[in-house]
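**Student:** Below are the C-alpha cells for one structure; questions will follow.
The values are calculated or read from the model by the stated rules, or taken from the named source; none is laboratory data. Just so it is clear, the model here is predicted, and its values are computed rather than measured. Positions of Cβ are generated from backbone atoms using ideal geometry, with glycine treated the same way; all protein chains shown enter the neighbour counts.
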Amino acid sequence: MNDLDRLANTVDELSQYIRTLSAPDLADQAWGPKEVLAHLVYHHELYVKLIEASVARIAIDPPKGRFRELNARAVAANRGLSHLALVARLRKANRRLAALYEACDPNAIVIEIKSGAKPRTLAQLVPEVEAHIRHHLFKLRRGQSAVRLGREP
C-alpha cells in the first residue's frame, strides 16, 4: 500500500468513527472529537492551499503563530459547523491533496506549513499527515473506551 492509499484509508477510518459518535460525544469540548476534526480539516485545507500555490508558482505566506494558536483559531472558526459538514470538508480536501500529489512530482513540491516550520516536500508531508490523523484517531478511540468504562480519558 502506498502513502496516498494509507492516507485515504486513515481519513475514511476517522470519518466512519466520527459518524458513529452520539450527540453528547460531539458536544463542544475543550479538545473533543469535533474539535480534533476541526483542527484536522483546517490543516488539510491549508496543505491544499499551500500545494496549489506552489504548483502555480504563487508566493504565499504560511500562517504565523504557534500550532496551539492556529488550532484554537481553527476550532473557533468551525464551532458552528456540524460534524458531518466537517467530515465532508476533510474528505474533499483529501481528494484534492491526492489529485495534486498524482498530478505533479511530490518530491519537487516544497511547502512550509507554518511560518518558521521546516520546509517539507509533498512526498514527506503525506506520510506525516497520515500518521498525525492516525494518532488523533487512536487517542479519540482510547478516550471513548475510557469514558465507557467510567474512567477519565
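**Student:** Return yes or no: is residue 46 closer than 24 Å to residue 98 by Cβ and aliphatic (A, V, I, L, M)?
**Tutor:** Criteria met by residue 46.
**Student:** Let me ask you something else. Please determine whether any residue of the range 23-33 is within 14 Å of the chain's Cα centre (by Cα), surrounded by 14 or more Cβ atoms within 10 Å (Cβ to Cβ) and either modelled with pLDDT of 90 or more or outside any loop (DSSP other than H, G, I, E, B) (or both).
**Tutor:** yes
**Student:** Next question. Taking residue 117 and the conditions (1) touching a residue at least 60 places away in the same chain (Cβ under 8 Å); (2) loosely packed, with under 13 Cβ neighbours inside 10 Å, which numbered condition does it fall short on, given that it satisfies the others?
**Tutor:** Against the list (1) touching a residue at least 60 places away in the same chain (Cβ under 8 Å); (2) loosely packed, with under 13 Cβ neighbours inside 10 Å, residue 117 comes up short only on (1).
**Student:** Is it true that residue 51 is in contact with a strand residue (DSSP E or B) (Cβ under 7 Å, 6 or more places away or on another chain), within 22 Å of residue 8 (Cβ to Cβ) and modelled with pLDDT of 95 or more?
**Tutor:** yes
**Student:** While we're here: Could you pull out the residue among 56, 38 that is under 13 Å from the mean Cα position of the chain (by Cα), of a type outside the set (Phe, Trp, Tyr) and closer than 24 Å to residue 4 by Cβ?
**Tutor:** Of 56, 38, the one residue that is under 13 Å from the mean Cα position of the chain (by Cα), of a type outside the set (Phe, Trp, Tyr) and closer than 24 Å to residue 4 by Cβ is 38.
**Student:** Now, a different point. What are the pairs, 6+ residues apart or on separate chains, where a residue within the range 94-106 that is within 14 Å of residue 3 (Cβ to Cβ) has its Cβ under 7 Å from a residue that is acidic (Asp, Glu)?
**Tutor:** 100/52
**Student:** Kindly provide the set of residues from the range 61-94 that are surrounded by 12 or more Cβ atoms within 10 Å (Cβ to Cβ) and farther than 22 Å from residue 27 by Cβ, ordered by number.
**Tutor:** Residues satisfying the conditions are 62, 63, 65, 67, 69, 70, 91, 92, 93, 94.
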